[in-house]
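Right, one structure below, let's go through it.
The values are calculated or read from the model by the stated rules, or taken from the named source; none is laboratory data. Keep in mind the model is a prediction, meaning the values are calculated, not measured. All Cβ positions, glycine included, derive from the backbone under ideal geometry; neighbour counts span all protein chains shown. Side chains are part of the model used for accessible areas, which takes the heavy atoms of the whole protein and leaves out ligands, DNA and RNA. Shrake-Rupley method; radii C 1.70, N 1.55, O 1.52, S 1.80 Å.
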Amino acid sequence: MTTLAKLTERSDHLIENTRFMTLATQGPEGAWASTVNYVPLREPLRLLWYSLRRARHSRNIEADPRLSGSVYLTGLPGLGLDGAQFTATARAVGPDRLEELSEYYYLRNFPDEEVRRQWRLPPDEFRDDGPRRFYLLEVREWWLLDIDQWLLDMNDQRIAVPLAAVSRAPDAPAPTPAGTR
């Protein structure tokens with residue numbers, strides 16, 4: 001049986017080491033899937049990326065902020081892969097947080113200053129009538145591939161992971177139980 005600690009460890013590894021997620025959105029033209037490069041934020045668990053405003057998934061998010069998505073890694077020990085699925089809501093980052101979140105995105109995504117300088121887009125791209133927006137997705141539900149079950153009967157199932165277990169940064173102390181100090 002998989003323990004919560006093991007599910008949390010696997011989730012943390014996926015959140016911190018996967019750089020791309022696939023989003024599934026719904027809009028006036030129907031369902032749409034797209035892959036975007038993201039960086040994570042914690043407490044609560046959020047995923048930050050940018051896209052063109054005219055992209056179909058961006059238009060879909062404007063019409064309906066509810067979405068689902070997935071992340072996965074291959075080449076891992078054991079089964080060779082791991083993955084998670086989630087439900088979430090997303091919204092464009094407003095001007096009040098644009099500078100802060102843009103800076104975080106570029107620092108986290110491109111730690112090397114020279115590489116960051118090459119990839120960084122001008123701030124005006126994300127303001128007013130600019131062609132791009134940063135988006136912030138807040139995870140509502142999180143599931144992992146149930147590897148233990150797969151190894152038993154090869155049934156492809158998911159196991160729900162409590163959001164509180166994956167919202168905290170991996171190096172943050174565990175919350176103190178209610179009623180204790």
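Would you tally the residues in segment 155-179 being open to solvent by 70 Å² or more (accessible area, probe 1.4 Å), at pLDDT 80 or above and of a type in the set (A, V, I, L, M, F, W, C)?
1
Given the residues ARG46, ARG91, ARG108, which is the only one that is within 15 Å of the chain's Cα centre (by Cα), closer than 18 Å to ASP12 by Cβ and open to solvent by 50 Å² or more (accessible area, probe 1.4 Å)?
ARG108
With GLU99, GLU125, GLU103, GLU141 as the choices, which residue is part of a strand (DSSP E or B) and either surrounded by 12 or more Cβ atoms within 10 Å (Cβ to Cβ) or without any contact (Cβ under 8 Å) to a residue 40 or more places away in the chain (or both)?
Answer to the selection: GLU141.
From the list ALA31, ALA88, ALA5, which residue is of a type outside the set (Ser, Thr, Tyr) and either within 24 Å of ASP128 (Cβ to Cβ) or not in a strand (DSSP E or B) (or both)?
Sole residue among the options that is of a type outside the set (Ser, Thr, Tyr) and either within 24 Å of ASP128 (Cβ to Cβ) or not in a strand (DSSP E or B) (or both): ALA5.
Any chance you could count how many residues in segment 9-24 are farther than 13 Å from LEU45 by Cα and outside any strand (DSSP E or B)?
6
Run LEU79 past the list (1) in contact with a Phe, Trp or Tyr (Cβ under 9 Å, 6 or more places away or on another chain); (2) open to solvent by 70 Å² or more (accessible area, probe 1.4 Å) and report the number of the one that doesn't hold.
Evaluating LEU79 over (1) in contact with a Phe, Trp or Tyr (Cβ under 9 Å, 6 or more places away or on another chain); (2) open to solvent by 70 Å² or more (accessible area, probe 1.4 Å) leaves (2) as the failure.
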